[in-house]
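The structure appears right after this line, and notes come after that.
The values are calculated or read from the model by the stated rules, or taken from the named source; none is laboratory data. Everything numeric in this text was worked out from a predicted model, so none of it was measured. A quick note on method: Cβ atoms are made from the backbone with ideal geometry, for glycine too, and the neighbour counts reach across all protein chains shown.
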Amino acid sequence: MDEMDGRRWHDMGGLPAGEVRKDDHDFALWEKRVDALMVLCGAKGHFTVDGLRRALEDMGPEAFEKYTYYERWIAAINQNLIEAGVYSIEELGTRMDAVQARGPSYGEANLQDG
């Protein structure tokens, strides 16, 4: 899409996109947690659905093509929480390092905690 048609990269409404799957699928646990996190953040007043949408739209076309729906959501939630001052990038990095040190699985993390 070019600048002349008045659309941004994420605005695909009305364009050919191939077949739409209508079958149901189960969500992975982490996807359900991302959805719950969005609800909790909204309830706490950290940001709104409009804030989530703005962060999603600001990611650019590469992220839209590269990441899944919930991967984009968690990045947008994170961006909004940083902007709201809930935590800093440095605090996030420290916490991510601590989580990574626990091991690649929930079971291995529990072994270290126990």
What are the pairs, 6+ residues apart or on separate chains, where a residue within region 96-114 that is on the phi < 0 side of the Ramachandran plot and of a type in the set (S, T, Y) has its Cβ under 7 Å from a residue that is modelled with pLDDT under 65 and surrounded by 10 or more Cβ atoms within 10 Å (Cβ to Cβ)? none
Can you tell me which residue is nearest to the chain's Cα centre (by Cα) among those in region 57-89 that are surrounded by 14 or more Cβ atoms within 10 Å (Cβ to Cβ), among the β-branched types (V, I, T) and part of a helix (DSSP H, G or I)? I74
Just to be sure I understand the filter: pairs with C-beta atoms under 9 Å, separated by 6 or more residues or on different chains, first member in region 48-65 and under 19 Å from D35 (Cβ atoms), second member among the hydroxyl-bearing types (S, T, Y) and modelled with pLDDT of 90 or more. Which pairs pass? M59/Y67
Inspect all residues belonging to region 21-42 and state whether any of them is assigned to a helix (DSSP H, G or I), more than 13 Å from the chain's Cα centre (by Cα) and farther than 30 Å from S105 by Cβ. yes
Return the residues of region 90-114 that are at pLDDT 80 or above and either more than 24 Å from N78 (Cβ to Cβ) or in a loop (DSSP other than H, G, I, E, B) (or both); say none if nothing qualifies. R102, G103, P104
